[in-house]
Amino acid sequence: MAQALDEIKIGGLGSSRKRVEDDRFLRGKGNYTDDFKLTGMLHMEILRSPVAHARIKSVDTTKAWQIPGVHMVLTGEMAAQHNLAWMPTLSYDTQAVLATDKVRFQGQEIACVVADDPYIAKDGCEAIEVEYEPLPAIVNPEQALASDAPLIRDDKVGQNDNVCYRWEVGDREGTERAFAQADKISTLRLHYPRSHPSPIECCGSIADYNPATTKLTVYMTTQAPHIIRSAVALVAELPEHMIRIISPDIGGGFGNKVPVYPGYVASILCSILLGRPVKWIEDKTGNLTSTGFARDMYIEGQLALRNDGKILATRFHADTDNGAFFSDAQPSKFKIGLFHSAFGCYDIPYGYQTAQGTYTNKAPGGVAYRCSFRITEAMFFQERMIRAAAFDLGMDQAEFRRMNLVKDDDFPHRTPFGFLLDSGQYEKCLDVALDAIGYQDFLREKEEARSRGRRLGIGISTMSEPLGAGNSREYDIIGIKMFDAAELRVHPSGKAILKIGAKTQGQGHETTFAQIVTHELGIPAPDIVVEHGDTDNTPYGMGTYASRSTPTAGAATAMVSRKIRAKARKLAAHLLEVSEEDVEWELGRFYVRGAHDRGVTIQDCAMAAYSNMPDGLEPGLENNAYYDPPNLTWPFAAYIVTVEVDPETGVWDVLRMVAVDDCGVRINPMIVEGQIMGGMTEAYAMANMQFITFDADGNCVGSNYMDYLLPTAWETPGFELHEVTTASPHHPIGAKGVGECAAVGGPAAFVNAVMDAIDDTGVRNIDMPLLPDRVWEAITYKRDVSGAPPVKTD
Amino acid sequence: MEERRVNVTVNGEPKVADVEPRMLLAHFLREVLGLTGTHIGCDTTNCGACTVNFDGKPIKSCTMFAVQADGHEVETVEGISRASELHAVQEGFKEEHGLQCGFCTSGMMMTAKALLEENPNPTEEDVRWALSGNLCRCTGYQNIVKSVLWAAEKMRSEAAVRR
Ligand code: FES
Ligand code: FES
């Protein structure tokens, strides 16, 4: 009797199979960009501006050229001769590759030195003499918008102020009407501080232009190799088929490795000019001061409330500090990402949002740091606002949420900003979380502790995050639609190779994408190898960020597997000598309807595809699929944190942290949980310590790991994870994105917990991070504490 | 710049090279000896990605010159497994999903190995404290801690069998 395959045993859907990529990393045999050594390779270092805003009077490179071992000193003037002093950004602005006229932020790229080794290249940078004429620095939107503010982007024709975009969405009149009928209006204003994704590995590239073949190969730390190839073709005016981007192992990305950076472009130009491979590996200060930052948003908004707790409408405004160039990495037609996803999980009839971006003398970037384009700010504001409103109404914060959350039978649910939420069990997630934390018991404990002078607090955050852009109707990057692709080839022996356009930076694609094929075809996961990251060898894809790989490339993988199965069915019919209609499928095997024992395996079909095909059937067993998702996926999460605040010092400790995630069907539960814990740690980091700020002169405070604090194993709390599963109604295997939910929804849970612990002080807000001195100030002086720059640094 | 001779035992093998006095040990391991399992993640001795064991103690190889290693023993991640057999710490990281991007992993494992050699029966708190000089941006540490405790357990049971 033919035995059915056990899907979990062969590494299919739901199997926590161990990761295949671990074997090389554990032995120190990973291949990160810095690990490659090409014959004849030279090394490039970048000279960066020490000041935030200044006119460049002169750049003297004479002494640098004289250093033995220096091969090239590239300045903005030289880059301009090749039309590369400036480059376009993903948000339809321009960004300087190497400064020619002015420097606009501290850390900006001024010149590059290429030498025999990185030490000599650094010597070369030190030998360059730059003369600056200082200009006043602008470090926040308020300064940028002042009538006497210096014009930062005087390079742009027609730019007369420091505004880089304006944006509005929603129903203004409907919202105003709803506010007019409100019993109560709740208001909140806050600053989401500037942060940096800061993967441990910095950015880098090795550009290898071969003058004989005119082919350019670039090894680089990019989350999106295909988009980079298209961008390089457009920016450097090189033929796209002669460009090969190889994104090898990446030491963490979190959005930092999506944009095109000046260092990449300069290494390419130097390689073309020198005809030799040129390696550029950024140092941490370069990474933290010049590459894609995140957040830096000032938000003020209101909820219109009925006395019974029903939310009638929301309106809010955001001012973003975009730095010197508007180079946010986001779907190009959205100026403030998916910020309008705020309040999506609540049933609110009306909403209106406005936003304005400003140029400042700070690094550009605005990347989606472990989030789907500005939704971290959206969900943070949402959950802080929800808590404030519950407090204003004197309602229990859990009950207030329960009352307003979208109900299970209300899907699909259209938000006032146009999103279509398609599935979820929001109340159930909330209940699982409340139960896990022991909500009622904690409230009693809190009261009791308060009577003895101790301050305990509980914070809740519930949210649904739109993940997995596109669909192609709404989402594109510089015109290229946000689909994704997969290619699958089954070899004669039934082993397979899957090639995807997405690119892992630690998410474990080599492990999990094989599991999707296993689920669809019954080929054991160890028999499938996953290739990614090399544009010559993988189909076009938009890359891995915004939790989009499983929703898009994962769906494409399922779809291409189904195409393979359809062809295998023809081969099975041929082998079984029956008509195709009489062939039935079970995991890994076709059999004759009504005769379960008469069957052939997928491996038999694979062999037949190369050795015994029926007349008229093309040989081989391979195919590809391009997948354009009909909608985003909508995971939901409920996070609850309890804390104790020490009123004497302002220090707060996390007591417990409960996470309930509904990310649809889990491909590999072990990996999903790893993603959630990683995200939760970043949430804790942002709430507790991690931010980049600036002094009044535009000096970056947080330009290295001594000033930019990241949590270690010592501070990071333990996490308790729970799950609820609501399959995505449109994803072929019911999966949803997950990698970022905890980083997006988590921060508000921590901050709400601290606010709860000081709920008798009248304080409405303390800006993140909730540093001890800020919390102490709030408790002691009973006032809100702003964290907006400039900071005093003396 | 004038070069200086360095004699250093790396993963049990004697190595001799002439290097500039300013060359960092991390660069020496990576560039001169080709041992790229030791990573560099910062400029300020904070991240620990470059951790190697120096005469049995974990040190940050980005903060020592190669010439200072003259006459000493260095162990890197490449030296801790034998042929196909992984060290218990490596196995632990795989079993408990203690790594994602893998960039911090070599340093984490070298620190963990040194801890377990000194303290075969650490508590969770001991492990967290020992690892507090190593940053990870991916995992949130919980699984790294579990990995080290898994390895401790395995090493203890192996030692018990040997006795
Ligand atoms: S490279 Fe960061 S501590 Fe050595
Ligand atoms: S696994 Fe990526 S930094 Fe630790």
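Could you name the aspartates and glutamates in cross-link range of A:Lys570, using Cα to Cα under 19 Å and dropping any fewer than eight places away on the same chain?
Filter leaves A:Glu520, A:Glu580, A:Glu581, A:Asp582, A:Glu584, A:Glu586, A:Asp597, A:Asp604, A:Asp615, A:Glu618, A:Glu622.
Given Cα pairs under 8 Å that are at least 6 residues apart, what percent is the relative contact order of chain A?
In percent, rounded to a whole number, it is 16.
Please report how far the C-alpha centroid of the range A:259-335 lies from that of the range B:4-61, rounded to the nearest whole angstrom.
36
Looking at A:Ala659, A:Val97, A:Asn140, which one has the Cα that reaches farthest to the positive end of the dipole of chain A (charges on Cβ: Lys, Arg +1; Asp, Glu -1)?
About the Cα centre, the residue reaching furthest to the positive side is A:Val97.
List every residue whose amide H lies under 5 Å from the amide H of A:Glu586, counting only residues 5 or more places away in sequence or on a different chain, with H placed 1.01 Å from N in the peptide plane.
Amide H neighbours of A:Glu586: A:Tyr591.
Once each part is reduced to its C-alpha centroid, what is the distance from the range A:420-450 to the range A:572-624 in angstrom?
The range A:420-450 and the range A:572-624 have Cα centres separated by 52 Å.
Sorting check: for A:403-410, B:99-106, which peptide has the highest mean count of neighbouring beta carbons within 10 Å, and how do the rest follow? Please list the in-between numbers first.
Values: A:403-410: 15.8, B:99-106: 30.0.
With the highest mean Cβ count within 10 Å placed first, the list reads B:99-106, A:403-410.
Using only Cα atoms, find the angle between the long axis of helix B:142-162 and the longest principal axis of chain B, and express it within 0 to 90 degrees, rounded to the nearest 10.
Tilt relative to chain B: about 80 degrees.
Points 7 angstrom from Cα along the Cβ direction at A:Glu399 and A:Lys9: gap in nanometres?
Taking the two extended label points, one gets 5.3 nm.
Please report the net charge: other residues with Cβ closer than 15 Å to the Cβ of B:Ser157, K and R +1, D and E -1.
For residues surrounding B:Ser157, the net value is 0.
When you count, for each residue, the other Cβ atoms within 10 Å and take the mean per peptide, how do A:91-98, A:774-781, A:180-187 rank with the highest first? Mind showing how you got there, number by number?
Working: A:91-98: 22.1, A:774-781: 18.6, A:180-187: 14.5.
Result, highest mean first: A:91-98, A:774-781, A:180-187.
Enter the mean number of other protein chain beta carbons within 10 Å of the beta carbon of each residue in A:695-705, as an integer.
Working: counts 0, 0, 0, 0, 0, 0, 0, 0, 2, 4, 8.
Shielding by partners across A:695-705 averages 1.
Report the calculated FRET efficiency for A:Arg306 and A:Asp408 (r = Cβ-Cβ distance, R0 = 35 Å), to the nearest 0.05. Show your work: numbers first, answer last.
Details: r = 23 Å, r/R0 = 0.65.
Computed FRET efficiency for A:Arg306 and A:Asp408 comes out at 0.95.
Students often forget the sequence filter, so: which lysines lie under 22 Å Cα-Cα from A:Lys102 once same-chain residues fewer than 8 apart are removed?
Filter leaves A:Lys57, A:Lys156, A:Lys362.
Under a crude label model (7 Å from the Cα following the beta-carbon direction), how far is A:Val701 from B:Arg22 in nanometres?
Placing both labels 7 Å beyond Cα along the Cβ direction yields 3.2 nm.
Hey, what did the range B:4-79 get for relative contact order, percent, Cα under 8 Å, at least 6 apart? Kindly include the intermediate steps, with their values, before the conclusion.
Values: 151 pairs, mean separation 31.2, N = 76.
This gives 41 percent for the range B:4-79.
List, in the order given, every pair from A:Lys428/A:Lys563; A:Lys310/A:Lys428; A:Lys63/A:Lys215 whose Cα-Cα distance in the structure shown is over 26 Å.
Details: A:Lys428/A:Lys563 37 Å; A:Lys310/A:Lys428 20 Å; A:Lys63/A:Lys215 33 Å.
Table pairs above 26 Å Cα-Cα are A:Lys428/A:Lys563; A:Lys63/A:Lys215.
How would you order A:647-657, A:626-636, A:303-313, A:746-756 from highest to lowest mean count of nearby Cβ atoms within 10 Å? Please list the in-between numbers first.
Working: A:647-657: 17.3, A:626-636: 24.1, A:303-313: 20.1, A:746-756: 29.1.
Averaged packing, sorted descending, gives the order A:746-756, A:626-636, A:303-313, A:647-657.
For the range B:7-163, build the charge dipole from Cβ charges (+1 Lys, Arg; -1 Asp, Glu) around the Cα centre, then report which of B:Phe54, B:Val10, B:Leu99 sits farthest towards its positive end.
The residue sitting most towards the positive pole is B:Leu99.
Check the straight Cα-Cα distances from A:Lys782 and name the lysines below 28 Å, setting aside those fewer than 8 residues away within the same chain.
Within the straight-line limit of under 28 Å, A:Lys782 reaches these lysines: A:Lys184, A:Lys446, A:Lys792.
Grab the Cα-Cα distance for A:Glu584 and A:Glu447, subtract it from 0.36 nm times how many residues apart they are, and report the gain in nm with one decimal. Spell out each step's value before the answer.
Details: separation 137, 0.36 × 137 = 49.32 nm, distance 6.35 nm.
Gain in length upon complete extension: 43.0 nm.
With a cut-off of 20 Å, note down the residues of the range A:733-762 whose backbone N falls inside the zone around a label point 7 Å from the Cα of A:Tyr781 toward its beta carbon.
Only A:755, A:758-762 pass the distance filter.
How high is the relative contact order of the range A:658-718? Use alpha-carbon pairs under 8 Å, at least six apart in sequence, and give a whole percent.
On the way: 30 pairs, mean separation 14.8, N = 61.
Relative contact order, the range A:658-718: 24 percent.
Every number here is computed from the coordinates shown, using simple stated rules; none is lab data. In this text the structure is predicted, and so the values were computed from the model without any measurement. We place every Cβ from the backbone using ideal geometry, glycine too, and count neighbours over all the protein chains shown.
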